[in-house]
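The values are calculated or read from the model by the stated rules, or taken from the named source; none is laboratory data. Worth saying up front: this structure is predicted, and the values here are computed from it rather than measured. All Cβ positions, glycine included, derive from the backbone under ideal geometry; neighbour counts span all protein chains shown.
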Amino acid sequence: MRIFLYSLQTALKSIWHEKWINLLTVLSISIGLLILSSFIVITLNMDSVLQRWSKSFGLVAYLDEDLTKEAESTLEELLRQDEDILEVRYISKDRAAQEIQAILGDDARILEDFRENPLPSSFELRLKTELLDPELVRKKAEAIQEMSGIEEVQYGEKWLSSLSTIAQMMKMGTVFLGCAIFTAIIFITYSTIKIFFYRRKDEIETLKLLGATKSFIRLPFLLEGLFIGTTGGLISAFALFGLYSVVLVKIPELLPSVTILILSLPLEAYISVPLAGALMSFTGSFFAVGKIRY
Amino acid sequence: MIQFSDVTKYYDDDLVLKDLTFTVGKGELAFLTGPSGVGKTTLLKLIYAAELPDEGNIVVAGWDIRKLKQNTIPYLRRHVGIVFQDFRLLFNKTVFDNVALALRIHDMHPKEIREDVLEILKEVRLKHKAHIYPQHLSGGEQQRVVIARAMVSKPTVLLADEPTGNLDADTSLAITNLFREINARGTTVLIATHSKSLYQGTGRRVFHLRDSNIEKETVG
């Protein structure tokens, strides 16, 4: 404990003594983390929007013209038992006609030319969210198509594919940016701590000759790295909070329809920023101190 | 306390020490002499494991140097006080802090550190300069700070590499007397020097190093 306190004291002295380099490092880290956390927040919001859109996504299974009421009921029961299907909604021929009339409005008169209702009965099916992958949906549609009494299955293939691509690109972008910033912060801290390490080379050599253990030599540098990363993260978290608060106020004014789509960030999200900073800087410091040989 | 058995040491292809065998007993004060570059400093480095022998065995205060792992070297060094030729004082720390550094690594209580440091500074007659930075001290005073730092953790062995190399005759005498006092308390002392005046008339064993080995052993 006394060694820890002495190391802490040494680290704090060094932080003050090298305040300008430390300040630059802290600011670099906070900018990096702010960019990363902002991108994550944007991705989360986009994901939330996509999730909302995908909830309204469905397949429509059109039924054979000559299907009896009993056969329709049996088919509906089979679909309801399918674990991949969240919701099954039966649309009768009459209901389909009413809906299309509602959509067409005054243009619905074109339907009067038909002697009989040309629209088939159908089932509107909503799949589980985790199945909303273009390939999985295609397979599911094919499986339903194979069922007896099903004439045709339709779904927004292109729309789903685009949605899926956007979501994947956003996630990949976040991972790529995360890796780049993670590496950059490690490198920034590595360079700073390496400079301090070289500046105190004589002291380290003397400590080794006096019998200091490796952990005694390393600890002040690791604590300094931890301080730099945590401070950078805290500044970034406060900046994120400020920016996000402004966005929450401004967006509803500029784009009223978007308001409901913006997520409010939980406290854990703000806490994770300095923690990430601390982890990255600690890693950088660890590599900077490197192997100590006697 | 210090035992060399057939020790050979090379620096790359250059032979520095060859089949060196000698012993310094517990509580003994001995001198190691020879011309510059003969290997005195290397021999001392072998004792505190800054270098390892290529052949032979070295035992210091019960520690077999060849069997030491990197992680155990610090614990050997806590038993060996070293007075360096170039002092190795830290100029951004006061005299007190320079000496205290040797105790901080022992996880000692700050109160104990303060007591022990002031005690040793009193013994080397520098207590009144405890809060001065080393650059404001004379060469002799700096050397006494180094001795205080080497002795404050009460090591069983004290090594000194040319301890009077940069000092005038009077200061050298004072430093020599200090080593005698330290030795009188039971610490084994080995002093490497090329200065005859340091060991002449001491009545102590002197190892003369020449051509990679001890050429002769005399009494000073």
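Do we have any residue at all in segment B:40-50 that's within 14 Å of chain A (Cβ to nearest Cβ), in contact with a Gly (Cβ under 7 Å, 6 or more places away or on another chain) and under 24 Å from B:Ala102 (Cβ atoms)? Quick ask: steps written out before the conclusion?
Let us first name the residues in segment B:40-50 that are within 14 Å of chain A (Cβ to nearest Cβ), namely B:41, B:44-50.
Filter again for in contact with a Gly (Cβ under 7 Å, 6 or more places away or on another chain), leaving none.
No.
Any idea how many residues of segment A:194-231 are within 14 Å of chain B (Cβ to nearest Cβ) and either β-branched (Val, Ile, Thr) or more than 13 Å from A:Ile3 (Cα to Cα) (or both)? Explain how you work it out, then say what you get.
Initially, segment A:194-231 is screened for residues within 14 Å of chain B (Cβ to nearest Cβ), giving A:196, A:199-220.
Now restrict to residues that are either β-branched (Val, Ile, Thr) or more than 13 Å from A:Ile3 (Cα to Cα) (or both): A:196, A:199-211, A:213, A:217.
Of the residues in that region, 16 qualify.
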Quiz item: Quick one: how many residues across segment A:21-58 are more than 16 Å from the chain's Cα centre (by Cα) and either at pLDDT 90 or above or on the phi > 0 side of the Ramachandran plot (or both)?
Solution: 12
Self-check item: Positions within segment B:95-130 being outside any helix (DSSP H, G or I) and closer than 22 Å to B:Leu178 by Cα, in sequence order
Solution: B:Val124, B:Arg125, B:Leu126, B:Ala130
Quiz prompt | Test result for B:Pro53, in contact with a Phe, Trp or Tyr (Cβ under 9 Å, 6 or more places away or on another chain) and within 14 Å of another protein chain (Cβ to nearest Cβ) | solution = no
Quiz prompt | Pairs where the first residue, in segment B:77-101, is on the phi < 0 side of the Ramachandran plot and surrounded by fewer than 22 Cβ atoms within 10 Å (Cβ to Cβ) and the second is charged (D, E, K, R) and part of a loop (DSSP other than H, G, I, E, B), C-beta under 6 Å, 6+ apart | solution = B:Gln85/B:Glu162
Exercise. Quickly run through segment B:56-68 and pick out the residues that are within 14 Å of another protein chain (Cβ to nearest Cβ), crowded, with 18+ Cβ neighbours inside 10 Å and closer than 18 Å to B:Ile191 by Cα.
Key: B:Val60
Quiz item: Taking the stated definitions as given, is A:Phe39 among the aromatic types (Phe, Trp, Tyr), in contact (Cβ under 8 Å) with a residue 24 or more places away in the chain and in the same structural domain as A:Met169 (by TED's automatic domain parsing)?
Solution: yes
Quiz item: Which residues, counting only those in segment A:171-190, are in contact with a Ser or Thr (Cβ under 8 Å, 6 or more places away or on another chain) and either under 15 Å from A:Thr43 (Cβ atoms) or aromatic (Phe, Trp, Tyr) (or both)?
Solution: A:Lys171, A:Gly173, A:Thr174, A:Tyr190
Quiz item: Out of all the residues in segment B:18-68, which are closer than 13 Å to B:Leu209 by Cα and among the polar types (S, T, N, Q)?
Solution: B:Thr21, B:Thr33, B:Ser36, B:Thr41, B:Thr42
Self-check item: Scope segment B:186-198; condition modelled with pLDDT of 90 or more and not in a strand (DSSP E or B); matching residues
Solution: B:Gly186, B:Thr187
Practice problem: Can you give me the number of residues within segment B:66-93 that are assigned to a loop (DSSP other than H, G, I, E, B) and closer than 30 Å to B:Asn166 by Cα? | Solution: 12
Quiz item: So which residues in segment B:70-81 are more than 12 Å from the chain's Cα centre (by Cα) and either more than 10 Å from chain A (Cβ to nearest Cβ) or of a type in the set (Val, Ile, Thr) (or both)?
Solution: B:Thr72, B:Ile73
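Hey, among the residues in segment B:82-101 that are touching a strand residue (DSSP E or B) at 6+ places or on another chain (Cβ under 8 Å) and more than 9 Å from chain A (Cβ to nearest Cβ), which one's modelled with the highest pLDDT?
B:Val83
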Quiz item: A:Glu124 versus (1) assigned by TED's automatic domain parsing to the domain that holds A:Glu99; (2) exposed (fewer than 14 other Cβ atoms within 10 Å of the Cβ); (3) modelled with pLDDT under 85: which is the lone unmet condition?
Solution: (3)
Quiz item: So which residues in segment B:58-74 are farther than 21 Å from A:Lys291 by Cα, in contact with a strand residue (DSSP E or B) (Cβ under 9 Å, 6 or more places away or on another chain) and without any contact (Cβ under 8 Å) to a residue 12 or more places away in the chain?
Solution: B:Asp64
Practice problem: Specify the residue that is surrounded by the most Cβ atoms within 10 Å (Cβ to Cβ); the eligible residues are those in segment A:158-185 that are modelled with pLDDT of 85 or more and among the aromatic types (Phe, Trp, Tyr). | Solution: A:Phe182
Quiz item: Would segment B:210-220 turn up any residue that is in contact with a strand residue (DSSP E or B) (Cβ under 7 Å, 6 or more places away or on another chain) and part of a loop (DSSP other than H, G, I, E, B)?
Solution: yes
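Looking at the structure I just gave you, is A:Ile15 buried (at least 17 other Cβ atoms within 10 Å of the Cβ), at pLDDT 90 or above and under 36 Å from the mean Cα position of the chain (by Cα)? First the steps, then the outcome.
Details: buried (at least 17 other Cβ atoms within 10 Å of the Cβ): yes; at pLDDT 90 or above: yes; under 36 Å from the mean Cα position of the chain (by Cα): yes.
Spelling it out, A:Ile15 is indeed buried (at least 17 other Cβ atoms within 10 Å of the Cβ), at pLDDT 90 or above and under 36 Å from the mean Cα position of the chain (by Cα).
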Quiz item: Quick check: is even one residue across segment B:6-19 within 14 Å of chain A (Cβ to nearest Cβ) and of a type outside the set (Asp, Glu)?
Solution: no
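Out of segment A:1-58, which residues are charged (D, E, K, R) and either in contact with an Asp or Glu (Cβ under 9 Å, 6 or more places away or on another chain) or within 14 Å of chain B (Cβ to nearest Cβ) (or both)? Please lay out each step first, then the result.
Filtering segment A:1-58 down to residues charged (D, E, K, R) leaves A:2, A:13, A:18-19, A:47, A:52, A:55.
A:Arg2, A:Lys13, A:Glu18 - these are the residues of segment A:1-58 that are charged (D, E, K, R) and either in contact with an Asp or Glu (Cβ under 9 Å, 6 or more places away or on another chain) or within 14 Å of chain B (Cβ to nearest Cβ) (or both).
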Practice problem: Tell me which residues, restricted to segment B:16-57, are assigned to a loop (DSSP other than H, G, I, E, B) and either free of Cβ contacts under 8 Å to residues at least 12 places away in the same chain or among the basic types (Lys, Arg) (or both). | Solution: B:Lys26, B:Gly37, B:Ala50
Quiz item: (1) aliphatic (A, V, I, L, M); (2) under 23 Å from B:Ala192 (Cβ atoms); (3) in contact with a helix residue (DSSP H, G or I) (Cβ under 9 Å, 6 or more places away or on another chain): which one isn't true of B:Leu43, the others all being true?
Solution: (3)
Quiz prompt | Members of segment A:54-73 that are in a helix (DSSP H, G or I) and either surrounded by fewer than 14 Cβ atoms within 10 Å (Cβ to Cβ) or touching a His at 6+ places or on another chain (Cβ under 8 Å) (or both) | solution = A:Lys55, A:Lys69, A:Glu70, A:Ser73
